[in-house]
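Contents: one structure, followed by commentary.
The values are calculated or read from the model by the stated rules, or taken from the named source; none is laboratory data. The model shown is predicted, which means the values in this text are computed figures rather than measured ones. Cβ atoms come from the backbone with ideal geometry, glycine included; neighbour counts cover every protein chain shown.
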Amino acid sequence: MHFTAEQRLDDGVLEREFTLGEIPGILWTPGPAPAPLILLGHPGGLRRMYPRLVARARHGVAAGFAAATIELPGSGDRPRSAAAEEARADLHRALAAGQPVDDEIVNRLVLPLVDQAVPEWRTALDALLALPEIRGPIGYAGGVIAIGVRLAVVEPRIAAALLFAGSYVPRAMFEEARQVTIPLQVLLQWDDEGNDRQLALDLFDAFGSREKTLHANMGGHTGVPEFEGDAGNRFFARHLR
């Protein structure tokens, strides 16, 4: 891990950009004292997503957490995958035509992304936990929800997850969802134009966690109420402290 840029935001949050090999990322910390870490998942494109990511990070840091994120494979300045671009185009064509999204399209788009992204997140976590200002336990917040599902199964250092149900999940991953046992809070936008609501509800039902809570709000993909940020902080305060 190499830090490449640093700035102090107006609320005192220290923001540092880093690279992990060829993978860019950002770390936000409240101060020198070790803080529990929340990994911020997102759909890719760090620069495009930055305004939403920094708002989420600052909200978490204000509650005493550190936050970090990395760029997804095939997004931002990282090399593109021709297969993923083709699958994404097929997905958009189906949505534009008002047709159901075929499982085969979802598999082609999501499964390779999960297979590559999850080991990268785990490598990033190794590097972040080596910093003196970061400590466990770890939380995961955001999407792509399939990445969060896989991480919840394979990464024992993640103690709780706040999953954003705003992306497609391969049905093959429902068996993995049944293996998830950590506390979960799932955030669902009821009118999300790019999400399969019933699939999201079925996935929530499949999770094996004894503690799982569904927060469903009216509105589209980007219409998440501001109070959900406070609910997320309370969720992580219960499980990361």
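Inside segment 74-93, can you point out the residues that are of a type in the set (A, V, I, L, M, F, W, C) and loosely packed, with under 14 Cβ neighbours inside 10 Å? Step through it out loud before you land on a result.
From segment 74-93, those of a type in the set (A, V, I, L, M, F, W, C) are 82-84, 87, 89, 91; that's our starting set.
The answer is A82, A83, A89.
Considering (1) outside any helix (DSSP H, G or I); (2) under 25 Å from R78 (Cα atoms), say which one E193 fails and leave the rest.
(2)
Please find, among D196, D205, the residue that is closer than 18 Å to V110 by Cβ and surrounded by fewer than 22 Cβ atoms within 10 Å (Cβ to Cβ). Can you show your working first?
Values: D205 fails: closer than 18 Å to V110 by Cβ.
D196 is the lone residue from the list that is closer than 18 Å to V110 by Cβ and surrounded by fewer than 22 Cβ atoms within 10 Å (Cβ to Cβ).
May I ask you to say which residue of F164, F227, F236 is hydrophobic (A, V, I, L, M, F, W, C), modelled with pLDDT under 90 and within 21 Å of L53 (Cα to Cα)? Outline the logic, then answer.
Numbers: F164 fails: modelled with pLDDT under 90; F236 fails: modelled with pLDDT under 90.
So the residue among F164, F227, F236 that is hydrophobic (A, V, I, L, M, F, W, C), modelled with pLDDT under 90 and within 21 Å of L53 (Cα to Cα) is F227.
Scan (1) under 24 Å from G45 (Cα atoms); (2) outside any strand (DSSP E or B); (3) touching a residue at least 40 places away in the same chain (Cβ under 8 Å) for the single condition L162 breaks and write down its number.
Evaluating L162 over (1) under 24 Å from G45 (Cα atoms); (2) outside any strand (DSSP E or B); (3) touching a residue at least 40 places away in the same chain (Cβ under 8 Å) leaves (2) as the failure.
Name the single residue, out of those in segment 204-217 being touching a strand residue (DSSP E or B) at 6+ places or on another chain (Cβ under 8 Å) and hydrophobic (A, V, I, L, M, F, W, C), that is farthest from G148 (Cα to Cα). Break it down stepwise before answering.
Step one: filter segment 204-217 for residues touching a strand residue (DSSP E or B) at 6+ places or on another chain (Cβ under 8 Å), giving 204, 207, 209, 211-217.
Among the residues that remain, those that are also hydrophobic (A, V, I, L, M, F, W, C) are: 204, 207, 214, 216.
Numbers: F204: 13, F207: 12, L214: 15, A216: 18 Å.
Of everything passing the filter in segment 204-217, A216 is farthest from G148 (Cα to Cα).
In segment 158-190, how many residues are touching a strand residue (DSSP E or B) at 6+ places or on another chain (Cβ under 9 Å), over 19 Å from P137 (Cβ atoms) and either among the charged types (D, E, K, R) or surrounded by 16 or more Cβ atoms within 10 Å (Cβ to Cβ) (or both)? Outline the logic, then answer.
Kept after step one, since they are touching a strand residue (DSSP E or B) at 6+ places or on another chain (Cβ under 9 Å), are these residues of segment 158-190: 158-166, 180, 182-190.
When the remaining residues are screened for being over 19 Å from P137 (Cβ atoms), the result is 164-166, 186-190.
Cutting the leftovers down to either among the charged types (D, E, K, R) or surrounded by 16 or more Cβ atoms within 10 Å (Cβ to Cβ) (or both) gives us 164-166, 186-189.
Residues flagged as touching a strand residue (DSSP E or B) at 6+ places or on another chain (Cβ under 9 Å), over 19 Å from P137 (Cβ atoms) and either among the charged types (D, E, K, R) or surrounded by 16 or more Cβ atoms within 10 Å (Cβ to Cβ) (or both) within segment 158-190 amount to 7.
Only one residue in I138, I105, I147 is closer than 17 Å to L240 by Cα and either in contact with a helix residue (DSSP H, G or I) (Cβ under 7 Å, 6 or more places away or on another chain) or basic (K, R) (or both), so which one is that?
Values: I105 fails: closer than 17 Å to L240 by Cα; I147 fails: closer than 17 Å to L240 by Cα.
Going through I138, I105, I147 in turn, just one is closer than 17 Å to L240 by Cα and either in contact with a helix residue (DSSP H, G or I) (Cβ under 7 Å, 6 or more places away or on another chain) or basic (K, R) (or both): I138.
Go through (1) crowded, with 21+ Cβ neighbours inside 10 Å; (2) touching a residue at least 60 places away in the same chain (Cβ under 8 Å) one by one and return the number of the condition E71 breaks.
(2) is the only condition that E71 fails.
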